[in-house]
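The values are calculated or read from the model by the stated rules, or taken from the named source; none is laboratory data. As the structure is a computational prediction, the values presented were derived from the model and not from experiment. Using ideal geometry, Cβ is built from the backbone for each residue, glycine included, and neighbour counts are taken over all protein chains shown.
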Amino acid sequence: MQFSKIERKRFLPIVFIQIIIYLLIRLSLIMLFRNNLGELLEFHLYEHVSAYIQNPISSIVLFCTIVVIISISIFALDNKASFIRNSLIAIGCPTLCLYFFFGVPFEIRIFLETYPSIYLTICLAAIFFYNRFANVKRIKIAG
């Protein structure tokens, strides 16, 4: 990963501080909205299964899109794009899992944090594909 060059004595405190910051924000939001209706987490896996059974064409499009994005990030990018691949794995995989358990079916708004990684992955894959198969003649500019 990108943090492999950071020594362990420095890396672990950074991770610990990030966890503390997340817990402070999460607990303050829980305390702020404690009198409102609703649960801390709403489990929506059953709604996903029901929605996918009722809308098979939309489900196939959604799942094919997810498979294409994952396969592009795994197979089409080379080592030059490892940062983008790692960001897609680090952000996209947990978000995808959380989407199926706690998200609302067919609401892709949950992937907003993943959109930049997805966009860059697809753009780089298109550039690599074009460079691989294009016969571009380089013209020397006299100067």
| note | By residue number, the members of the stretch 10-44 that are of a type in the set (Phe, Trp, Tyr) and outside any helix (DSSP H, G or I) are 33, 43
| message | Where the second residue is surrounded by 12 or more Cβ atoms within 10 Å (Cβ to Cβ) and of a type outside the set (Asp, Glu) and the first is at positive phi and lies in the stretch 94-123, which pairs have Cβ atoms under 7 Å and are six or more apart or on separate chains? | response | 106/51; 106/58; 106/62
| request: Considering only residues that are assigned by TED's automatic domain parsing to the domain that holds residue 103 and of a type in the set (S, T, N, Q), look in the stretch 21-55 and name the one that is nearest to residue 99 (Cα to Cα). | output: 50
| query | Out of all the residues in the stretch 81-99, which are loosely packed, with under 15 Cβ neighbours inside 10 Å and in contact with a helix residue (DSSP H, G or I) (Cβ under 7 Å, 6 or more places away or on another chain)? | reply | 83
| request: May I ask you to list the residues in the stretch 45-58 that are assigned to a helix (DSSP H, G or I) and not aromatic (Phe, Trp, Tyr)? | output: 45, 47, 48, 49, 50, 51, 53, 54, 56, 57, 58
| note | In the stretch 51-61, residues that are surrounded by 10 or more Cβ atoms within 10 Å (Cβ to Cβ) and under 17 Å from residue 108 (Cα atoms) total 7
